[in-house]
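Chemist: Could you have a look at this structure, given as structure tokens, before my questions?
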Amino acid sequence: MKNNLNLQHCRESAQFITKRIEGTPKIGIILGSGLGGLVDDIEGKSIIPYSEIPHFPVSTVEGHMGELIYGFLKGSPVMAMAGRFHFYEGYDMAAVVFPIQVMKLLGVEKLIITNAAGGLNPNFEVGDLMLIEDIISRFPDNPLRGSNEEEFGPRFPDMSEPFDQKWIEQTFSKGEELGIILKRGTYLGVTGPVLETRAEIGFFRLIGGDAVGMSTVPEVIAANHIGLKVLGISVITNESIPKVAKEFTHEEVVDVAQRSGKKLVALVKEILN
Ligand code: HPA
């Protein structure tokens, strides 16, 4: 039988990290492609390269740094992941969500997940931020497939509210206060690494997707399993809209994410409490 969750490995990773930081992180933040700018605002940083952490996978994609950063954002103790693990890189789903489970052991209670995504909703514009209200998984596997670790969560986790509704509303209000327009919608997760065909884009819109990307879904599932409160924010880096979709590159995705990242940083700093 598949043993997807190695609790002992999680514990060893967490013990290693605990020794390298002073304090307990309360909020985990996953920084998507091009969104690493938030790290500059973290004060009193301890930086731990993934390569030094026992059992941690190593990030391979361009534009990602591969480090855990502990420190304070507006006084809140945070643990940021600069660089995440994608299924398309070849990791299995258990490896993709391993850092989330380690964060839980470190004391994290809330998780902010960011990503770069293609906009399927015709009302979205490149550079928009979208609060993720729900997800659709197009992954062929689930990070929780295999034996269940009761200490982490139930065999059949509820996913009726994968994102914390109160936190969404609070973030939406903050956005209004700060003059940052926030769209809302459903994130549809695909494996990649290929981008969508035009027919797929039509299909994804038809089944209710507002944005499409290659991450986030596994992490949201693992976070719900272990009882973290989750907030998800997509930066819309390109239009994946039937008839409108045109060719784009990963460099363009990172460029738009970096520019819109400023809005995201301003927002994230205000929604930590
Ligand atoms: N599709 C999938 N992943 C993405 C996209 C997209 O259009 N844009 C950024 N990440």
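The values are calculated or read from the model by the stated rules, or taken from the named source; none is laboratory data. It should be emphasised that the depicted structure is a prediction, and the values quoted were computed from it without experimental measurement. Cβ placement follows ideal geometry from the backbone for every residue including glycine, while neighbour counts extend to all protein chains displayed.
Chemist: Regarding segment 182-204, can at least one residue be identified that is more than 16 Å from the ligand (Cβ to nearest atom) and closer than 23 Å to Ala266 by Cα?
Modeler: Yes, because at least one residue in segment 182-204 is more than 16 Å from the ligand (Cβ to nearest atom) and closer than 23 Å to Ala266 by Cα.
Chemist: Also, I was wondering about something else. Restricting attention to segment 115-156, which residues are touching an Asp or Glu at 6+ places or on another chain (Cβ under 6 Å) and in a strand (DSSP E or B)?
Modeler: Hit for segment 115-156 is Gly119, nothing else.
Chemist: Being buried (at least 19 other Cβ atoms within 10 Å of the Cβ) and modelled with pLDDT under 85 is the filter here; which residues of segment 33-60 pass it?
Modeler: Correct list: Ser33, Gly34, Leu35, Gly36, Ser59.
Chemist: Still on this structure, I have one more. Do you know which residues across segment 158-179 are in a loop (DSSP other than H, G, I, E, B) and crowded, with 17+ Cβ neighbours inside 10 Å?
Modeler: Answer for segment 158-179, where residues must be in a loop (DSSP other than H, G, I, E, B) and crowded, with 17+ Cβ neighbours inside 10 Å: Pro162, Phe163, Asp164.
Chemist: Over 24 Å from Thr186 (Cα atoms) and of a type outside the set (S, T, N, Q), is that true of Leu35?
Modeler: When the stated conditions are applied, Leu35 does not pass them.
Chemist: What's the total number of residues in segment 249-270 that are touching a residue at least 12 places away in the same chain (Cβ under 8 Å) and either of a type in the set (Phe, Trp, Tyr) or farther than 25 Å from Trp167 by Cα (or both)?
Modeler: 6
Chemist: Also: Take the residues in segment 22-36 that are under 17 Å from Gly66 (Cα atoms) and in a loop (DSSP other than H, G, I, E, B), then tell me which one is nearest to the ligand (Cβ to nearest atom).
Modeler: It comes out as Ser33.
Chemist: How do the pairs read when you match residues in segment 104-121 that are closer than 11 Å to Lys229 by Cα and modelled with pLDDT under 95 with residues anywhere that are assigned to a strand (DSSP E or B) and within 12 Å of the ligand (Cβ to nearest atom), using Cβ under 8 Å and keeping only pairs 6 or more apart or on different chains?
Modeler: Close Cβ pairs (under 8 Å, with a partner that is assigned to a strand (DSSP E or B) and within 12 Å of the ligand (Cβ to nearest atom)) do not exist here.
Chemist: Moving to a separate point now. What residue, of Gly192, Gly227, is out of contact with any Cys (no Cβ under 7 Å at 6 or more places or on another chain), modelled with pLDDT under 95 and within 21 Å of Phe98 (Cβ to Cβ)?
Modeler: Gly192
Chemist: Find all pairs meeting these conditions: Cβ atoms under 7 angstrom apart; at least six residues apart or on different chains; first residue within segment 14-31 and in contact (Cβ under 8 Å) with a residue 60 or more places away in the chain and farther than 15 Å from Pro49 by Cβ; second residue in a loop (DSSP other than H, G, I, E, B) and β-branched (Val, Ile, Thr).
Modeler: Pairs that qualify, where the first residue is in contact (Cβ under 8 Å) with a residue 60 or more places away in the chain and farther than 15 Å from Pro49 by Cβ and the partner is in a loop (DSSP other than H, G, I, E, B) and β-branched (Val, Ile, Thr), are Pro25/Val108; Lys26/Val108; Ile27/Val108; Gly28/Val108.
Chemist: Look at segment 216-273 and say how many of its residues are within 16 Å of the ligand (Cβ to nearest atom), closer than 29 Å to Gly107 by Cβ and either assigned to a loop (DSSP other than H, G, I, E, B) or of a type in the set (Phe, Trp, Tyr) (or both).
Modeler: 1
Chemist: If I go through segment 37-56 residue by residue, how many of them are touching a helix residue (DSSP H, G or I) at 6+ places or on another chain (Cβ under 9 Å) and part of a loop (DSSP other than H, G, I, E, B)? Break it down into steps so the answer makes sense when it comes.
Modeler: Of the residues in segment 37-56, the ones touching a helix residue (DSSP H, G or I) at 6+ places or on another chain (Cβ under 9 Å) are 37-38, 40-41, 45-48, 50, 52-56.
Imposing the further condition that a residue be part of a loop (DSSP other than H, G, I, E, B) reduces the set to 53-56.
Residues meeting the conditions: 4.
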